[in-house]
Every structure is written in C-alpha cells, then in structure tokens.
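The values are calculated or read from the model by the stated rules, or taken from the named source; none is laboratory data. Keep in mind the model is a prediction, meaning the values are calculated, not measured. Every residue, glycine among them, receives a Cβ derived from its backbone with ideal geometry; neighbour counts consider all protein chains shown.
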Amino acid sequence: MAPPKNDNLEQAEAHQAARLPISRRTLLVAGGLSFCGSSLPELVQAKADGPAKSTILIWLSGGASHIDTWDMKPNAPSSIRGPFNSIPTTAKEYQLCEHLPKLANQAHHLSVIRSLGHYRRGTGDHHAGYYYNLTGQRPDPSFPQLLNARKPRPSDWPAIGTVVGYKSPRHPYLPQSITLPMKPGAPQYTRPGQFAARLGVEHDPLYVMADVDDPMNFAAPAIELKADIPVDRLLTRRQLLDDFNRNDKDLSQFAKTSNLQTFQDKAFSLLGSTEARDAFELSNENEKTIETYGKTHNGMSMLMARRLVEVGVPFVSVFWQGNKKLAEQNKCKSGGGWDTHGNNFGCLKDVLLPELDQCFSALLADLHDRGLLDQTLVLVNSEMGRKPTIGDPRSGGKTGQGRDHWTHAMSVLMAGGGIQGGQAYGTSDRHGAYPADLPVAPEDIAKTVYHAMGIDDLTAVDKGGRPYNLMAEGHSIKSLF
C-alpha cells in the first residue's frame, strides 16, 4: 500500500528546493558531469596526514545477518542460533561462521564491531537503513512517513564517501568517489544516502555499472570513448561546448557559482586519459588473480576496487549485486541479496557466504601482499542486521526459516587503514538482539572512517559561501587503531 500523501511535507520539500540556486535544467547538465569529482577550492580541503589514503566500502545490500556470520551465539536456543557452527580464526578474540573458512584465515587483519545499533532512530526499512549507515546522519521524519516512496533530496546529508572525496586532495585524472557495480535501488525507486546531496551534484560518485551478462565488463559513460570518435573530434566537441557555454546565460552564471568549467575540464581530461581507462581495464590482471577473486560481479568489483585504490582514488564503494539466477536455482527468494526473509540459511550457505568468503578474503590478502592494506581502510556494512528469532511471518513463519529486519543490533567489519586487526569491539547480548557493552551508532562509524582518513575538519561551505558542520554527532572509535 502506498504511504499517505503528506501535503505539508511536499510543501516543505518544494520550499527547500526553491532555496537552492540551481535550475532543473542546470542540475541535469551538472549531473551529467558529476563523474568529474572536482572539489571546491582548497579552502575546504582540510585533510591531515592520516594513515589511510583510500577507503573501500563493501555494502551487503539487503541487510546481512550478523547472528549467522560474525556474531554467532552458539549457546543460544536453536530457535535463535540456527544450524550453523562457528570456527576458530587467525584472530584470538572472535570466531566466524563455518561457511567463511577463507575469511577465517584473514581474520588477523579484520576487526569486528558487534555493538552497532540504530537505537530507534531508524525505521527498520531499507531506505532509512541505507541513509543512516551511508551518511552517519539519523533519518528525518519523512522516512517513516514515506518509506520506499521517500526520494533522495538535495537537502539530504552527504554520503560518507562523498565527504571523503570532498575533503581529500584532488585526484589528477580520476573521480574522488567511485561506485561499483550498480546504483542502489530498483526500477521504481532510488536509495537515499548514496549521493553528495547538499555538498552539490559535482561531488556525486561516478557509477561504473557491471554488464549483467559479463562480470569482466564494466561501463561508465565517462570512460568510454567510442572507437569512431578520435581525440581530435573530441576536442572539436569541446570547442563547441565552450562556445555554447559562453552563449548560455544560465550555464554561465552556474559556472561562476559552482565551478562548472572545472567539472567540464575534468570530464574531457577523463575521456582523453590513458591512465584513467587503464585503471578500469580488468584484462590487465593476470588470470590467477582473477580466479582468486572469482569471476562474479562482486568478485570483479572488489578486484576493480583494489585497482582504483592502487592508483589513489580516495573512496570506492562496492554494493553487493545479487546473482538472481543462482538464487533461483537454490530456492533463495532474496534475489541473490542479503534480505533473507525466507530460507535464510539456504541463501547464506549456498549463495551468499561462499561468494563473499572468496572475494572478500581475496581482497584482504591482495591488499596486504601489495603493501596497500595499511593505507587502505576496508569497511563492510549493511543497512541492518537480521532478527534473532527465526521465522518471518511474511515468509511462512518458522517453517519459512527466514529472518526479518533488525536494526537494534548489527555488526560492522573494518580492516587496514591503521585498524589493529584481530579485535572484537563491543558485544551484543546473549541472543544478538541488543548491544550489551560499548554501544556504537552509525555516526560513530562515520567519524571512525573520517579519523582513519585523517579528516579532522568537517566544515563545508554551502552555495552561498556560508560554512556549516558536516557531522555534529558521533565519536571515532580510537581504540581500534
């Protein structure tokens, strides 16, 4: 059922949009160039010398079950703990699920935060979970009112990755923030929290989309120069665009206030850059490395993420893309994602955990072997955890063997970037239902990422030149470092 219409909310949103000095037409033009990743003047690029130069976010789309993976409860009743067993790892402080044997061998690189919760600031739905965990900012009242009808807004708080890009030194030929292998959402909606929002569309991530039929093939409008368009023709098009800009009043004015010319310069630089195209060319990897990660969309996305941080991209996001065909073969109704309302254990055992075990453990080992792990923060997160009690009424109850949404307790994984591996920070209670000690909120995770990246000044400047604080709440978890 569609949420009820809220006229006051729509009026407030219209009023907010009217305050933004960007016309819809100009927004579309700028949005088309948002892959440029250009940052504002050095005035706002305050980045201290932190141990991490880049961050890789791995997002387990759908809501990963903490209690069946890295916060298992072997002494809980069977109606809670489920059929999986835990196994020893190379970390003394924690064990992992038996279906993560390769990751268990990399656990000494990895710290697990087991006391994350939303503390009733979220709504238990995917939209709010994405927004809260991707931005570190609590969802506003429009989220419970609109649920999946709640659209991303220019007034939203920016994603952590776009803040990192905004505050990091400008990359010479690639965007500041890149998202693989899809844009989170569905045909009928887009997940809030993944954009730069109030920072400006010029700081949105570049979306590099996977080919549904070929995991080795990625496509981004910014990096694909068609074979029939030589560079001299591209330069001619650049001249035409320059002429157009000089004769377009709206664009000329926007260029003065938003540095549009810089974005266009970056766009054409990216199109003509051999280095940029090479960074996205997976065929340059040896076959053994490719096989180690696994020829899946997620495996190749994590390999691509390693290539991008290797050349200095500040923030790379990998949003888990479900393998619907494999999911259907194994009677997994989640579509290959982590939203396991039904057949939770079959989905995890036969579809999700084997792939995650292969590609994520390969990423950690690869980063370490190349000397990149110390300078790369790796973060594994999701929009929510899963309910400890087995049986979702929407999927057959107990016989359906699913787990419902749960935002009161979940886990986050961190490695590299100064994080001391092998730790378990905080605990959930005996059923994995609520934090028991050292409680952590999404704003604390965001602050921890910023701390790892050496970003101490979280001041931004709005379109009117006025400074504002990007994150007033939260504390970094410094004992992890």
- Message: For the stretch 129-176, which positions are assigned to a helix (DSSP H, G or I) and surrounded by fewer than 24 Cβ atoms within 10 Å (Cβ to Cβ)?
- Response: SER142, PHE143, PRO144, GLN145, LEU146, LEU147, ASN148, ALA149
- Message: Need the failing condition index for ILE80 against (1) touching a Lys or Arg at 6+ places or on another chain (Cβ under 7 Å); (2) free of Cβ contacts under 8 Å to residues at least 60 places away in the same chain, just the number.
- Response: (2)
- Looking at the stretch 129-161, which of its residues are modelled with pLDDT of 95 or more and on the phi > 0 side of the Ramachandran plot? GLY136
- Note on the structure: The number of residues in the stretch 419-443 that are more than 24 Å from TRP338 (Cα to Cα) and in contact with an Asp or Glu (Cβ under 7 Å, 6 or more places away or on another chain) is 3
- Query: Can you name the number of the only condition in (1) assigned to a helix (DSSP H, G or I); (2) surrounded by fewer than 19 Cβ atoms within 10 Å (Cβ to Cβ); (3) touching a residue at least 12 places away in the same chain (Cβ under 8 Å) that CYS359 fails?
  - Reply: (2)
- Query: Within the stretch 324-332, is there a residue that is assigned to a helix (DSSP H, G or I) and basic (Lys, Arg)?
  - Reply: yes
- Query: For the stretch 270-323, what are the residues that are polar (S, T, N, Q) and either within 13 Å of ILE56 (Cβ to Cβ) or in a helix (DSSP H, G or I) (or both)?
  - Reply: THR274, SER283, ASN284, THR289, THR292, ASN298, SER301, SER317
- Which numbered condition HIS108 fails, given (1) in a loop (DSSP other than H, G, I, E, B); (2) of a type outside the set (A, V, I, L, M); (3) over 24 Å from ASP456 (Cα atoms): (1)
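For (1) at pLDDT 50 or above; (2) surrounded by 13 or more Cβ atoms within 10 Å (Cβ to Cβ); (3) aromatic (Phe, Trp, Tyr), each residue gets a yes or a no:
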{"site": "LYS5", "(1), (2), (3)": "no, no, no"}
{"site": "PRO41", "(1), (2), (3)": "no, no, no"}
{"site": "GLN45", "(1), (2), (3)": "no, yes, no"}
{"site": "SER61", "(1), (2), (3)": "yes, yes, no"}
{"site": "GLY82", "(1), (2), (3)": "yes, yes, no"}
{"site": "ILE87", "(1), (2), (3)": "yes, yes, no"}
{"site": "LEU103", "(1), (2), (3)": "yes, yes, no"}
- Task: For the stretch 450-480, name all the residues that are within 22 Å of the chain's Cα centre (by Cα) and of a type in the set (A, V, I, L, M, F, W, C).
- Result: ALA452, MET453, ILE455, LEU458, ALA460, LEU470, MET471, ALA472, ILE477, LEU480
- Query: Can you tell me how many residues in the stretch 300-336 are modelled with pLDDT of 95 or more and in contact with a helix residue (DSSP H, G or I) (Cβ under 9 Å, 6 or more places away or on another chain)?
  - Reply: 21
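Here's the yes/no breakdown for (1) farther than 30 Å from GLY124 by Cα; (2) assigned by TED's automatic domain parsing to the domain that holds ILE58; (3) touching a strand residue (DSSP E or B) at 6+ places or on another chain (Cβ under 8 Å):
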{"residue": "ARG277", "(1), (2), (3)": "yes, no, no"}
{"residue": "PHE280", "(1), (2), (3)": "yes, no, yes"}
{"residue": "TYR293", "(1), (2), (3)": "yes, yes, no"}
{"residue": "MET304", "(1), (2), (3)": "yes, yes, yes"}
{"residue": "VAL309", "(1), (2), (3)": "yes, yes, yes"}
{"residue": "ASP350", "(1), (2), (3)": "no, yes, no"}
{"residue": "CYS359", "(1), (2), (3)": "no, yes, no"}
- Hey, which of the strands (runs of 3 or more DSSP E) in the stretch 373-449, taking only ones fully inside, have at least 3 residues that are crowded, with 21+ Cβ neighbours inside 10 Å and within 19 Å of the chain's Cα centre (by Cα)? 376-381, 410-415
- Look through SER428, SER411 and report the one residue that is in contact with a Gly (Cβ under 8 Å, 6 or more places away or on another chain) and at pLDDT 95 or above. SER411
- Note on the structure: The lone condition SER479 fails out of (1) farther than 19 Å from GLY136 by Cα; (2) surrounded by 16 or more Cβ atoms within 10 Å (Cβ to Cβ) is (2)
- Task: Would you be able to tell me the number of residues in the stretch 131-161 that are in contact with a strand residue (DSSP E or B) (Cβ under 6 Å, 6 or more places away or on another chain) and aliphatic (A, V, I, L, M)?
- Result: 0
